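Following: one structure in structure tokens, then a few remarks.
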Number of protein chains: 2
Amino acid sequence: MRATRFFISTLKEAPADAEIVSHKLMMRAGMIKRLGSGIYNYMPMGLRIIRKVENIVREEMNRAGAIEMLMPVVQPAELWQETGRWDKMGPELMRVKDRHGRDYIIQPTSEEAITDVIRTEIRSYRQLPVNFYHIQTKFRDERRPRFGLMRGREFTMKDAYSFDRNVEGMQKSYEVMYDAYTRIFQRFGLEFRAVAADNGAIGGSGSHEFHVIADTGEDALVYCPTSDYAANMEAAEALPTQTSRPAAATALTKTATPGKAKCEDVAQLLNIPLETTVKSIVLAVDAEKDSGKAAQIWLLLLRGDHELNEVKAGKIAGMANYRFATEAEIVEHFGTKPGYLGPIGTQKPVNIVADRTVANMADFVCGANEADFHFTGANWGRDLPEPAVADLRNVVAGDPSPDGKGILAIQRGIEVGHVFQLGTRYSDDMKATFLDENGKPQLLQMGCYGIGVTRILGAAIEQNFDDKGIIWPTSIAPFEVVICPMGMDRSEAVKTEAESLYQALIAAGIDVILDDRGERPGAMFADWELIGVPHRIVIGDRGLKEGKLEYLGRRDTEASNVPVAEMLAFIQAKMVEK
Amino acid sequence: MRATRFFISTLKEAPADAEIVSHKLMMRAGMIKRLGSGIYNYMPMGLRIIRKVENIVREEMNRAGAIEMLMPVVQPAELWQETGRWDKMGPELMRVKDRHGRDYIIQPTSEEAITDVIRTEIRSYRQLPVNFYHIQTKFRDERRPRFGLMRGREFTMKDAYSFDRNVEGMQKSYEVMYDAYTRIFQRFGLEFRAVAADNGAIGGSGSHEFHVIADTGEDALVYCPTSDYAANMEAAEALPTQTSRPAAATALTKTATPGKAKCEDVAQLLNIPLETTVKSIVLAVDAEKDSGKAAQIWLLLLRGDHELNEVKAGKIAGMANYRFATEAEIVEHFGTKPGYLGPIGTQKPVNIVADRTVANMADFVCGANEADFHFTGANWGRDLPEPAVADLRNVVAGDPSPDGKGILAIQRGIEVGHVFQLGTRYSDDMKATFLDENGKPQLLQMGCYGIGVTRILGAAIEQNFDDKGIIWPTSIAPFEVVICPMGMDRSEAVKTEAESLYQALIAAGIDVILDDRGERPGAMFADWELIGVPHRIVIGDRGLKEGKLEYLGRRDTEASNVPVAEMLAFIQAKMVEK
């Protein structure tokens, strides 16, 4: 590509509404341009990157045996009513009526559409397994679109859907996709991590998220540096911090803690470690509608320095639909306001569940169910009954790894992929069956596998940038190499060498752009550093006199001189490294 | 591709709602699958064809200097309000509200979006000309979607937009696109014709349609077999059938024609050629609203066997917004009901315009403005004043070509492309300007260029099919070659040769599918004839014993035997022919 035949449009300053670095840099580099809230034009420079991402995804999906098709953007509401998602999905599902008043949605995902295809196309077990995917425009009406492509409303997603005859088949299809995703992210040249994710109602370990590692990521990823263990915060199992409970050593004592409603304040007042305190969280589960029963009240106990994991709370038997208790409910059951609550001597009976760590504590401090008082020296068995125990908390760095093979660490990530075992969630609602060997209809076992194509761009930048701009991995860079001729219009030698090298690189299958715009070197270099092309070749009269060209890798601090005759081989070697 | 790794799904019968051959065959061949009214899944077999069409379009657009980008499917209503199309476009414009109640449209085309990009990106004449295109999902809420991809609601279009500093530049950009379109349709391997189209309000000759020729096409294309002249019916100029008017030979006579209200019936009654009769068409132009003036009445005169061209009527000065007159208006101005109207002796004055052919007629027959009576022997100048003259009629086959170089012929076509000189239609409304050499803002001159990507599939089939199925041109076939091994599971020799030839064709860059499904020969052949793969190779034990393979081109009536060692070269030669 010649720059004069392309469209390059860089900005010195990012627009004021760009809050994060990837959004700022993509706007400044002329890769995206806002059309509306959360809706972007992909400018020529940005589209090249998207296409490279798509092609890597496509090649690896095909290699894994998935078959590409294309499902519509506008889909009939009836399908979404069949699965109940028409009602369940909130306003993020964009709904539209046609001229006849019929309801449609603009697809945020395609489980319904593919299941509709499959339920008529798949008749026999002989046709299984199958895996269909498409790379298509999606729309989610985010309440507050922001961060450019990271939380836009219109975006491009690759979504694949596997169908199998049984759970074992589904798990195998899932593994094939997991492996394909691993290859895809490796080929992107990004640092990434696959983490086990919570599987919601499906249960089992059938869900993993793929995250691009970045300090700015919104998700906390839990992993064990000395083993394979990795999960997202929701799913990461927290073991007790001590494996057995010490014997009680001190007496239960009601202690005045006036105005100290938080564990931190109590610990400070009493001059004790925060790790000896227990905090009380009160949740409620409403009785069935019109059952005449009041809400059930639950008291969850966590060590003072730990945080409740709300997903884990929802997994306690009977608590699937919990909510936080109201102040009135708390006062009714505990006889006092929040801040001084505890498991000993509640006004009315409540269901008590202790986190694993709390269950192994002795001589702990907790609220006394009386304003401005806490108990110290509380002990299970002696002062109150042994509790029900569950994993209730978020893990923290330094916790033991659940696989027993080390100590957990935490890093930040940006979710860009998700693989999921759906089981019969959709095939059941939509009556998607096949005939087994005995001619008996069986529900199809389904998996789904998404990659946020346009989100990859944002995530890659959050991971790879410096004060000059973006640093693309070679595999998804808009161009692999840029040739910057100095004074192409003045020097015949420069022009000849630039053209010759340009043609040689093209012939070698390298994606090169020749900057023939005639910009001054400073402006030219600044543009390509901002855009983030990973390999730069400068051609100047001075170097040519010595038979040399200048090479600078985007992460290099110093340029190196390469003999003219060796530059092609030099660049080809860089391409192999990529 | 191996058939067992792909998804092949053929039907013996097309669904009942498929009315035309391309719709039936695409459904039967498993290329598309209906999701909703006018909304189709592109199944794997269909998507391959779409991608080939897209790639040819993309390569030629790039070669012509157009730059690819991608504009959003969902676009803010504000932009469409700026150009007035929010109001002007009827219910075919799909409108949608987001969660905040803001209006959006699902794009049917992108003039507004690209002009919004351009008005901020293009600042100086130095950046001109530019031409951006995208290949994107479009939506038009057709009142009655039908004919599969030919008149669907969701479809894929390539739309390009050029911007120039002046009209000459725009015309040059237009020519570049016209030439690119010609190359594109040549590469598709389809018989096509570019015809001049009516340019609406813009005027000039700045619009051409590209049609795929097919007997089933909805449009009539006018062309001169011995010259370059070609236009669609709306735009084709009709010359007078005789170049000068003969002298009057008979007297004006009021003749009883009881109950004969049509020219055909009058000619039969009087035993005269239909070509000697003149028919009267009464149109009305409403006075400006609230002007207090009645509608203006126009009488258009056409030879009895000719048809009114409504577009041409609208080009008569003062008639841009005409409508057909009501019966009350006719009675008021002519003193009689339709059927016996004519230019002689109207009750009130009317504006008379004669078609060019009528203006050169003598001794003609026309209504006498009295029920059941016609005039015979009517003559201009003698019996009524010389009329205003205009081209008012549709051409017919046999008419002289407007370029004077032959006789016009008519054929049917399917519109699949349109190039258009827009001028300042959008740049004016949206204030899209650039600074000229003098630093003065000037409106951008715009052109737009569309190709209906998915419609190409339907059009190609309407042109190329037989009773067995589709006949794809090689360049857009889902696969170029199919290898059909006979008894691959039984014969090691067949299997070995099939694998070897399959690998050799892949290595030669040929898009081949190996049918390894193990179907019986009859079912296998029927599938590939239905799908329309242009080149078929059959491998069987009998042939192999003689060192031969069987080749059949999709249009061939008889197979030919090709020595095993020569098959690769044989197929490569076929690829060059394509």
Task: the range A:341-481: C-alpha gyration tensor shape, a/c 1.5 cut-off, then a/b vs b/c - done: oblate
TODO: Keeping every protein chain in place, order A:ASP305, A:ASP179, B:ASP436, B:ASP290 by accessible area at 1.4 Å, biggest value first, i.e. largest first.
DONE: B:ASP290, A:ASP179, A:ASP305, B:ASP436
- [ ] State, in angstrom, two size descriptors of chain A derived from its alpha carbons: Rg to one decimal place and Dmax to the nearest whole number.
- [x] 29.7, 94
Task: Solvent-accessible ranking of A:LYS138, A:LYS279, B:LYS262, largest area first, probe 1.4 Å - done: B:LYS262, A:LYS279, A:LYS138
TODO: Find, among the residues of chain A, the one whose Cβ sits nearest the axis of the rotation taking A to B; state the distance in whole Å.
DONE: A:VAL96, 2
TODO: Report, for B:PRO385, each distance to the same residue's label point in the other copies, shortest first and in nm; define the point 7 Å along Cα→Cβ.
DONE: 11.1
Task: For B:HIS208, solvent-accessible area (1.4 Å; no DNA, RNA or ligand), Å² - done: 40 Å²
Task: Peptide A:31-37, shielding by other chains (average Cβ, 10 Å cutoff) - done: 5
Open item on the list: Need the per-residue list for the range A:93-108: every residue with at least 50 Å² less accessible surface in the complex of protein chains than in the chain by itself, probe 1.4 Å, sorted by number.
Closed with: A:MET94, A:VAL96, A:ARG99
Task: Threshold 40 Å² - residues in the range B:114-129 whose accessible area is reduced by that much or more when the chain is no longer isolated, probe 1.4 Å - done: B:VAL117, B:GLU121
Open item on the list: Below 8 Å between Cα atoms, with a sequence gap of 6+, how large is the relative contact order for chain A in percent?
Closed with: 17 percent
- [ ] Round to the nearest 10 and report in Å² the accessible area of B:HIS535, as given by a 1.4 Å probe over the protein chains' heavy atoms.
- [x] 20 Å²
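Within 10 Å of each Cβ in A:73-79, how many Cβ atoms from other chains are there, averaged over the peptide?
Neighbouring Cβ atoms belonging to other protein chains average 5 per residue here.
Sequence gap at least 6, Cα distance under 8 Å: using those rules, report the relative contact order of the range A:253-390 to the nearest whole percent.
After rounding, I find 28 percent.
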TODO: Put a label point 7 Å from Cα along the Cβ direction on B:GLY553, then list its distances to the equivalent points in the other copies in nm, shortest first.
DONE: 5.4
Task: Solvent-accessible area buried by pairing A with B, both sides, nearest 100 square angstrom, 1.4 angstrom probe - done: 4800 Å²
- [ ] Could you order A:CYS263, B:CYS366 by accessible surface area, starting with the largest, using a probe radius of 1.4 Å?
- [x] A:CYS263, B:CYS366
Task: Å² of accessible area per residue within the protein assembly as shown, as computed with a 1.4 Å probe and no ligands counted - done: 42 Å²
TODO: In whole Hz, with x marking every Gly and Pro, tabulate ³J(HN,Hα) for the range B:69-79 from phi via Karplus 6.51 cos²θ - 1.76 cosθ + 1.60, θ = phi - 60°.
DONE: 9, 8, 9, x, 6, 9, 10, x, 4, 3, 5
Open item on the list: Taking a cut-off of 53 Å, what percent of all Cα-Cα pairs in the protein assembly as shown are separated by more than that?
Closed with: 38 percent
Open item on the list: Using the Kirkwood radius over C-alpha pairs as Rh, can you work out the diffusion coefficient of the range A:253-390 via Stokes-Einstein at 20 °C, viscosity 1.002 mPa s, in µm² per second?
Closed with: 142 µm²/s
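Looking at the square roots a ≥ b ≥ c of the eigenvalues of the Cα gyration tensor of the range B:479-577, which shape do they give, rounded for a/c under 1.5, prolate if a/b is larger than b/c, or oblate? Before the final figure, lay out the partial values.
Numbers: a/c = 1.35, a/b = 1.11, b/c = 1.22.
Taking the square roots of the gyration eigenvalues as a ≥ b ≥ c, the range B:479-577 is rounded.
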TODO: Using DSSP to define loop residues, name the GluC sites (Glu not before Pro) in the range A:284-314 whose beta-carbon has at most 16 other beta-carbon atoms within 10 Å.
DONE: A:GLU288, A:GLU307
TODO: Determine the share of the range B:1-99's accessible area contributed by carbon and sulfur atoms, expressed in whole percent, with a 1.4 angstrom probe.
DONE: 48 percent
Task: Burial of 30 Å² or greater, the range B:142-175 residues [accessible area, probe 1.4 Å, versus chain by itself] - done: B:ARG143, B:ARG153, B:GLU154
Open item on the list: Using Cα-Cα distances under 8 Å and only pairs 6 or more residues apart, what relative contact order does the range B:403-468 have, in percent?
Closed with: 33 percent
TODO: Return the lysines within reach of A:LYS289: Cα separation strictly under 26 angstrom, same-chain partners fewer than 8 residues apart disregarded; answer none if there are no such residues.
DONE: A:LYS88, A:LYS312, A:LYS315, A:LYS348
TODO: Kyte-Doolittle cut-off 0.0, length cut-off 18 Å along the helix's own axis using Cα: show which whole DSSP H helices in chain B pass.
DONE: B:492-507
TODO: Run the accessible area of the range A:287-366 with a 1.4 Å probe and give the carbon-and-sulfur part as a rounded percent.
DONE: 48 percent
- [ ] Report ³J(HN,Hα) in whole Hz for each residue of the range B:92-105, in order, from the Karplus equation J = 6.51 cos²θ - 1.76 cosθ + 1.60 where θ = phi - 60°; Gly and Pro get x.
- [x] 5, 7, 7, 10, 8, 9, 8, 4, 8, x, 7, 8, 9, 10
- [ ] Go through B:HIS333, B:THR276, B:PRO349 and say which Cα lies farthest out towards the positive end of the charge dipole of the range B:253-390; charges sit on Cβ, +1 for Lys and Arg, -1 for Asp and Glu.
- [x] B:PRO349
Task: Straight-distance crosslink candidates among lysines, where the alpha carbon sits under 25 Å from A:LYS172 and sequence neighbours closer than 8 are dropped - done: A:LYS158, A:LYS431, A:LYS440
TODO: Quote the accessible area belonging to A:TYR502 in square angstrom, nearest 10, computed with a 1.4 Å probe and with ligands, DNA and RNA left uncounted.
DONE: 10 Å²
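The values are calculated or read from the model by the stated rules, or taken from the named source; none is laboratory data. All values reported here derive from a predicted model rather than from experimental measurement. In this analysis, Cβ positions are derived from the backbone assuming ideal geometry, glycine residues included, and neighbour counts consider all displayed protein chains. Note: areas computed on protein heavy atoms with side chains; ligands, DNA, RNA excluded. Shrake-Rupley method; radii C 1.70, N 1.55, O 1.52, S 1.80 Å.
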